[in-house]
Every structure is written in C-alpha cells, then in structure tokens.
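What follows is calculated from the coordinates using simple rules that are stated; it is not laboratory data. Note that the coordinates shown come from a computational prediction; the quantities given were computed from them, not determined experimentally. Every residue, glycine as well, gets a Cβ built from its backbone with ideal geometry; the counts of neighbours run over all protein chains shown.
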Amino acid sequence: MKFSTQDLTYIKRCFELADKGRGFVSPNPFVGTVIVKDGSIIGEGWHKNFGGAHAEVIAVESSNEEIKGATLYCNLEPCCHFNKQTPPCVPLIISKEISRVVISNLDPNPNVNGNGVKQLRKAGIRVDTGILEDEGKEVNKFYFKYVIEKVPYITIKIAQSIDGKISADKDVQTWLTGEDSVKYVHQLRDRYDAVLVGANTIKVDDPRLTVREVKGRDPIRIIIDGDLSVSPDSNIIKLTGDEKTWIFTSENSHQEKIEQFEKLGIKIFQLPADKKKLDLDGILKELGKESITSLLVEGGRQIFSQFISQELFDEIVILQSPKILGKGISAFETNGIKKLKIKKTERLGEDLKIVLVDRQ
C-alpha cells in the first residue's frame, strides 16, 4: 500500500514519542501514538513507564476535542488482551469511534500478533499496516528479540585502536577513545537494561559501569565470574545499593563468599561450569527469565571472544580510535566469526563509530 506524506510524517512522530520511554518501560515495547483529525494533531502520547498507561490511552486522554472520526497512528499494533497490568487498548479505540488506524508493526507477542488488527477491522475501522516497517522494527528491536526468543538483544561494544588493539599489554588499563566516545558509551548504558563484563575487566579497569556523562538511569551491572574472584573493594561492589549488581558464578564457588556478597545487596546466580567457564546460553536464558530485554557487553577480550565465536550477538559497535598501539592485546579471537556487514558509520570527535551486524 502507498501511504501519503501526511501518514509518513505522523508515524515518524510516533517513533519520536516512543523513544521517550526508552529506559523506563522494559520489558514492554516502546510505543508512541498520534491522533489526527482534519489535518491537525488533536492528541498524542507515549508509554512512559512499565505498568503505566499505554500510549493510546494517554493520547486519547490528552485530547480536548471530539475524537470520533479521527485517525490514530501507532508504531505498534494496539493490544487486545488482559494478560497484563493494564486493560487492552483496542476496546477504547473502538468505543471512541475512531475511523482509521495506521500501524507500523504488528506485535509479535502471541497474545496480540494480528488479533488487535482483526478486532479493529471487525468493528468497522479501517486499519493500514506496514508503514515504515523497517524503521519501526529498529525502534523496538529489543522487544522483538526478547518476545520471540526469550533472551535479550545483545550489543557488543569494543573500544579499540586503529590496529585492532584494546590494550597496550595484558592486564594494563589503556585509554583509547576521546570524550565524544565516552559520552556515547554512557548514552548506550542509559538505553540498555543491563551491562556485562568479565571478572578480569573488573580487576584491571575497576569500572563503575554507571551513567555519568549524560542524564540517565543506571543499568543493572552484570559480572561473569566463574570462581567468584572479584574483590569486595572494587568500585562496582562498593557502589552496589540503588545500582543493582548481579554476579554469575559457578555452582562450586565458596558459599561463604556468596553470602558475603549477598549481604552487600548483590544478586548471585550459580550455574554449572566447565573448568570455571560458564555457559553463555545458560546466562542469557536466566537474563530472559529476569525480564532483561537488552544487554550491552563491554569487555574484555575473553568475554568478547566467547560471545563472538558462539555468535551470541545482534550487533557489534566498534569505537575506533586513531591511535596505533602496535604491540598489544587484540579485541577478540577471530576464529569462527560470522560474516558481518557495516550497518552504520559515524564520527565521534576523532574516533570512528562502526556498527556491524550479521550479513543475512
């Protein structure tokens, strides 16, 4: 179907509104709604927080004008089931006698997945779907992956020199990227449910993994630590309070140390391990059970290599510094790496951001 220029404009506005909920609605999708009548916007809204009113409800309530006969734009198919904390939106749309609904993406949730559209059409409402569908999928890539596969969307973030090194030497902290890249990483943390590193990154870099360079909320900090070797004096442990910290360790880790960390407010997950090496699939399934829809993997080499060799990622973000290290530690082992293509490149000060995805 060919959509009008006005349709494209209003659905793009839905994308803008939907993005306002990023960081607050997980594991729900990002949804924005615009209501238009006689060529003017008479109501709009977005899903603001998990468990709160949906975008369609807020848009309807925001209007001071007669909604009957209006067109409702929404980036995601309106919900039609009661299996959640809020009532479905489809009956509301029908009751307001809206004449047309324009949707970017159908909701892959099996409780919806086209049923919302069917109910609207059955009520005599014209429904048009598929407008800017690819852009809509990008807005809700976290939600779509999580709903379909029950595991989080995974982005690997690597800061490296132009010759592919992440450190000048083993167990040596090396700053490579500039201020613009640092700010971008903090923006990423704000957008993702959780950030993950290995125990060695904690020992070498002693990071906080919080959001500081931009206004935002802190993600859950996750450490993979097979033998529970992280020091209680590390920043990430001392900061645990309002900031949640989770550690995945082996079933054979010392119970005394587990209890010590738990008293500090840290959540411990014990999983089977092969020579203290944890199964990443098992970790991702546990994160899915915990409603983690998006995961930012920040280091280090061993963790990068495991995720990449097992093809457990959706995209790789490389922040490439113009520096040349020569000798040093490579970002990851290249054995078994899948075929990748460049999705996007962008300058961040003197650095280059390269986004890679699977070539499919």
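What the table below lists for this structure:
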| quantity | calculated |
| --- | --- |
| Taking the range 184-318 and dividing mean pair separation by its residue count, relative contact order in percent (alpha carbons under 8 Å, at least six apart) | 27 percent |
| Separation in nanometres of the label points that stand 7 Å from Cα toward Cβ, at residue 128 and residue 339 | 3.7 nm |
| Spatially proximal aspartates and glutamates relative to residue 122 (Cα-Cα < 17 Å; intrachain offsets below 8 disregarded) | 77, 97 |
| Tensor-based shape of the range 5-145 (alpha-carbon gyration tensor, a/c under 1.5 rounded, otherwise prolate or oblate) | rounded |
| Among 198, 32, 43: highest mean-square fluctuation, GNM of the chain, C-alpha pairs under 10 Å | 43 |
| Anisotropy class of the range 300-343 from Cα gyration tensor, a/c 1.5 cut | oblate |
| Total formal charge among the other residues, if their Cβ is under 10 angstrom from that of residue 266, Lys/Arg +1 and Asp/Glu -1 | +3 |
| Rounded to 5, the percent of DSSP beta bridges in the range 151-358 classed as antiparallel | 35 percent |
| Label selected from (i) 6, 26, 37, 24, 7, 0; (ii) 5, 22, 28, 22, 14, 7, 1; (iii) 5, 22, 32, 29, 12, 1, the criterion being P(r) over Cα pairs in 10 Å bins from 0, in percent as computed here | (ii) |
| Antiparallel content of DSSP bridges confined to the chain, in %, to 5 | 40 percent |
| Under 13 Å, Cβ to Cβ, from residue 351 - net charge with Lys/Arg +1 and Asp/Glu -1 | +1 |
| Top of 134, 205, 218 by mean-square fluctuation, Gaussian network on the chain, Cα under 10 Å | 134 |
| The range 264-293-the range 307-360 distance, computed between alpha-carbon centres (Å) | 25 Å |
| By average C-beta atoms within 10 angstrom, highest first, the peptides 292-301, 51-60 | 292-301, 51-60 |
| FRET E, pair residue 121, residue 180, Förster distance 56 Å, beta-carbon r, rounded to 0.05 | 0.70 |
| For the range 146-253: relative contact order, % (alpha-carbon pairs under 8 angstrom, 6 or more apart) | 21 percent |
| Charge context of residue 284, other residues only, Cβ under 14 angstrom, K/R +1, D/E -1 | -4 |
| The chain, relative contact order [Cα under 8 Å, separation at least 6], % | 15 percent |
| Theoretical gain in end-to-end length, residue 285 to residue 251 [0.36 nm per residue, Cα-Cα removed] | 10.6 nm |
